[in-house]
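A.B. asks: Structure incoming, see below.
Readers should treat all values here as calculations from the given coordinates under stated rules, not as data from a laboratory. Please read all numbers here as calculations on a predicted model, not as lab measurements. Here the Cβ positions follow ideal geometry from the backbone for every residue, glycine too, while neighbour counts run over all protein chains shown.
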Amino acid sequence: MTTINWLEETRKRQEALIATTQSFLQIKSVLDPATAKEGAPFGEGIRKALDFALEVCSEAGMTTKDVRGYAAHAEFGQGEELIGILSHVDVVPEGDGWSTPPYAAEIVDGKIVARGAIDDKGPTMAAIFAAKIVMELGLPLSKRVRFIFGTDEESSWKCVNTYFETEEMPAMGFTPDADFPLIYAEKGLTDLTLRQTKEAFEAKAEKDAADVQAKLVSLQSGLRMNMVPDKAEAVLSPKALDAQAIIGKYRQHLEANDLKGAAEEKDGTVVLRMEGVSVHGMDPGKGVNAGTELAHFLNGLTLDARAAGYVRFADRYLHKQHHGESLGIAHNDEEMGPLSLNTGVLEYEAQGDAIFRLNIRYPHSISFDQWSAVLAKHGAEESFELEVVEHLTPHRVDPNHPLVTTLQRVYTEQTGEEAGIIAIGGATYGRSLDVGVAFGPLFPGRPDSAHQRDEHILIDDLVKATAIYAQAIYELAK
Ligand SMILES: [Zn+2]
């Protein structure tokens, strides 16, 4: 058996790799409904980028197929089994503040700087050149290898959904669209709404307490389910407590608990504002939820019966319950980590609906039906109805699967580093494959410039990733 120096083979093709990657990045492939048409459902730019990738593949001798512009593939090798490499040619809009033009793909300090350099056109070209190396070396393969190019990964994933309606699902595969060493497990993701209508509350015929201190007119906090809200505002109508007394209590509460906020009297009402710390909803314990903090304060007042139920629910089940502890749905998975609960939006209208919008992420060892039934039951206690807005099931490839062990071995051989495998709370493109993992392109310790201004890929990393992908393709398909 001859050993192949994959890095050496990549270096021989380095100039072409860089130039082709630059040309690819110079195509502005942002979603553009204005130029969408038959065969180009996401607009002209994305269509051009797709054609460019297919052209490089067919010049290398691969056979290609276009699935109505939603996605396309390029294939080589032979055999029954199919190995997939899934990547995307679309990019997010460039935004402002770049040091060099975002579609110039200039080389600055050993980096190619462009929108899409790391996400995902740079690594797409690295993987194509990796395949070219395998093909040009004439290595015998016993499997087919197929590149699948998606076109709206950054928006709705209609590309892969449409593609897999008619095309073959690879037996296994990887996506070069996240981090090295390897992401093998992704939590289930849900967006949920707990909604209590005015009618549902009135049906309970609950009476206000005799000594109501204030009536809650409205409460508003947060915009997105997957973010911890950093602002909240409540409007109260004073009853047994006058406006100044409520304001005094609130200021005292803020000071005693080291919280930031403000209170003012306005047209006979009291407006309370809370400030928190916004972080991503996958790890809500790292932030301060302004909405549940405010509900926690309000639960210390005697409010009208409907508001009392709303803030009681928030305080008991949601406030600082980042894993659903008091709901009784907390679950820790040794591999994938705990269930996480984020209350991203709170909306209360005395004359309308009372709503909590939640983002719950859960590991594979607890079933959705199991925990969502418990949540629904607790919601029903206060006449809330549970709606599932979005649900992606957990995605996991067995750590002993040859896909995982092979890629781990390749990574270690190419880098000399141990290839620890990663479970995450987010979602990668890898979950579009039945048996799929994310494999690169971002190396450990590198700052992630995806979706940022001055997005870039280090040329050294582009070359290293190409060598890794070349060996990976060969080892998986040989
Ligand atoms: Zn991406």
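A.B. asks: Among all the lysines, which ones have a C-alpha under 30 Å from Lys48's C-alpha, if same-chain residues fewer than 8 places away are not counted?
C.D. replies: Within reach: Lys12, Lys28, Lys37, Lys65, Lys111, Lys121, Lys132, Lys143, Lys158, Lys464.
A.B. asks: Still on this structure: Rounded to the nearest whole Å³, what is the per residue volume of the convex hull around the Cα atoms of the stretch 132-222?
C.D. replies: Taking only Cα atoms, the stretch 132-222 has a hull volume of 246 Å³ per residue.
A.B. asks: Quick check: the angle from helix 243-256's long axis to the longest principal axis of the chain, C-alpha only, nearest 10 degrees?
C.D. replies: Rounded to the nearest ten degrees, it is 50.
A.B. asks: Still on this model: Could you give P(r) for the stretch 224-305, binned at 5 Å from zero, as whole percent values over all Cα-Cα pairs?
C.D. replies: P(r) over the stretch 224-305, rounded to whole percents: 3, 15, 26, 22, 16, 10, 6, 2, 0.
A.B. asks: Take the Cβ-Cβ distance between Ala376 and Glu475 as r, set R0 to 41 Å, and report the resulting FRET efficiency rounded to the nearest 0.05.
C.D. replies: 0.30
A.B. asks: Oh, and also: As a check on your grasp of the helix formula, calculate [θ] at 222 nm for the chain: sum -39500 (n - 2.57) over DSSP H runs of n ≥ 4, divide by the residue count, round to the nearest 500.
C.D. replies: When only DSSP H runs of four or more count, the value is -9500 deg cm²/dmol.
A.B. asks: Further question: If you line up the Cα atoms of the stretch 348-428 on their principal axes, what length do they span on each, largest first, in Å?
C.D. replies: Result for the stretch 348-428: principal-axis Cα extents of 64, 23, 16 Å.
A.B. asks: I want to check the label-to-label distance for Thr63 and Arg316. Put each point 7 Å from Cα in the C-beta direction and report it in nm to one decimal.
C.D. replies: Going from the Thr63 label point to the Arg316 one covers 6.4 nm.
A.B. asks: Based on the alpha-carbon gyration tensor of the stretch 1-98 and its eigenvalue square roots a ≥ b ≥ c, which shape applies: rounded if a/c is under 1.5, prolate if not and a/b is larger than b/c, or oblate?
C.D. replies: Oblate.
A.B. asks: Can I ask one more? Across the chain, what fraction of all alpha-carbon pairs, as a whole percent, falls in each successive 10 Å bin from zero upward?
C.D. replies: Percent of Cα pairs in each bin: 4, 18, 24, 20, 15, 11, 6, 2, 0.
A.B. asks: Also, quick follow-up: Pull out a ≥ b ≥ c, the square roots of the eigenvalues of the alpha-carbon gyration tensor of the stretch 104-175, then state rounded if a/c is under 1.5, prolate if not and a/b is larger than b/c, and oblate in the remaining case.
C.D. replies: It is oblate, given that a/c is not under 1.5 and a/b is not larger than b/c.
A.B. asks: Please state the Cα pair-distance histogram of the stretch 188-392 with 5 angstrom bins from zero: what percent is in each bin?
C.D. replies: Percent of pairs per bin, in order: 1, 8, 16, 20, 20, 15, 10, 6, 3, 1, 0.
A.B. asks: On full extension of the chain, what length is gained from Lys207 through Ala16, given 0.36 nm per residue of separation minus the C-alpha to C-alpha distance?
C.D. replies: Stretched fully, the Lys207-Ala16 segment lengthens by 61.1 nm.
A.B. asks: Can you list the lysines whose alpha carbon sits under 21 Å from that of Lys286, skipping same-chain ones fewer than 8 residues off?
C.D. replies: Lys187, Lys231, Lys260, Lys320
A.B. asks: Right, here's the next one. When you take every Cα atom in the stretch 264-368, what is the radius of gyration, and what is Dmax, the widest Cα pair distance, in Å?
C.D. replies: That works out to 15.4, 54 Å for Rg and Dmax.
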